[in-house]
1. Considering only residues of segment 20-56 that are small (Gly, Ala, Ser) and in contact with a Pro (Cβ under 9 Å, 6 or more places away or on another chain), which is most open to solvent (accessible area, probe 1.4 Å)?
2. Would it be correct to say that residue 46 is out of contact with any helix residue (DSSP H, G or I) (no Cβ under 6 Å at 6 or more places or on another chain) and farther than 23 Å from residue 133 by Cα?
3. Among the candidates 94, 102, which residue alone is of a type outside the set (Asp, Glu), assigned to a helix (DSSP H, G or I) and out of contact with any Lys or Arg (no Cβ under 7 Å at 6 or more places or on another chain)?
4. Give the residues of segment 57-92 that are surrounded by 14 or more Cβ atoms within 10 Å (Cβ to Cβ) and more than 15 Å from residue 23 (Cα to Cα), sorted by residue number.
5. What pairs can you find where one residue is in segment 37-55 and assigned to a helix (DSSP H, G or I), the other is open to solvent by less than 20 Å² (accessible area, probe 1.4 Å) and of a type in the set (Ser, Thr, Tyr), and their Cβ atoms are less than 7 Å apart, with a gap of 6+ or different chains?
6. Can you spot a residue in segment 134-146 that is in contact with a Phe, Trp or Tyr (Cβ under 8 Å, 6 or more places away or on another chain), open to solvent by 40 Å² or more (accessible area, probe 1.4 Å) and not in a helix (DSSP H, G or I)?
7. Is it true that some residue in segment 73-85 is within 25 Å of residue 54 (Cβ to Cβ) and at pLDDT below 95?
8. What pairs come out if I take residues in segment 1-26 that are modelled with pLDDT of 90 or more and pair them with residues that are exposed (fewer than 11 other Cβ atoms within 10 Å of the Cβ) whose C-beta lies under 6 Å away, six or more apart or interchain?
Amino acid sequence: MTEHQEAGAAGAGAETAAAHLKERLYATITMISVVIGLAASEHADVLGAAATVLTASVGLWLAALVADQQAHRVMHGALARGRELRAMLFVSSPLLLSAVGPLVLIGVSATGAMSLRTALLTAAGVNVATLFAWGCYGGIRMGGGTAFALLAGAIDALIGTAVAAVKTAAGH
């Protein structure tokens, strides 16, 4: 492999990793909205909450996959296969993984260890904390120092909190 090809392959790996992280952040924000909506519902039960979280996650994943395939067909005149398809699946996987934490907490609530509402609010809180951590990590990677990293984390957490607040204020 030539030096130019190696640089291109490394760039493609970085681009795929960046797209994966973008989907992870998007999925985290989306899941905050889903679990806050469920927590605000007077009629939510464990099975319904689990089904809603799973359906939202799978639905978003399928929508992303369809959109990625459509874009690939338009740009390349063919369906993505092989490495391109694996990259699409990798990039979109956080949309499925975003359901794991809330589903675990919903499962804990099914044992009676906590109420369903507490489990859903805890899932939202964990997701806001995750946004804070990713923001801090991004701030550190940018070389801005601790204060900049904390500010970046706080901004990301504020976005997640704003999503939760709007969802709560809207009564869903």
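The values are calculated or read from the model by the stated rules, or taken from the named source; none is laboratory data. In this text the structure is predicted, and so the values were computed from the model without any measurement. Don't worry about glycine lacking a Cβ; one is built from the backbone with ideal geometry, like all the others, and counts go over all protein chains shown. Only protein heavy atoms, including side chains, enter the accessible area calculation; ligands, DNA and RNA are left aside. Shrake-Rupley method; radii C 1.70, N 1.55, O 1.52, S 1.80 Å.
1. Applying the filter and picking the extreme gives 50.
2. no
3. 102 is the lone residue from the list that is of a type outside the set (Asp, Glu), assigned to a helix (DSSP H, G or I) and out of contact with any Lys or Arg (no Cβ under 7 Å at 6 or more places or on another chain).
4. Once the filter is applied, which keeps residues that are surrounded by 14 or more Cβ atoms within 10 Å (Cβ to Cβ) and more than 15 Å from residue 23 (Cα to Cα), segment 57-92 yields 69, 72, 80, 84, 85.
5. Partner pairs satisfying both residue conditions: 46/109.
6. Yes, there is a match, as at least one residue in segment 134-146 is in contact with a Phe, Trp or Tyr (Cβ under 8 Å, 6 or more places away or on another chain), open to solvent by 40 Å² or more (accessible area, probe 1.4 Å) and not in a helix (DSSP H, G or I).
7. Checked against the condition, which is being within 25 Å of residue 54 (Cβ to Cβ) and at pLDDT below 95, segment 73-85 yields at least one hit.
8. none
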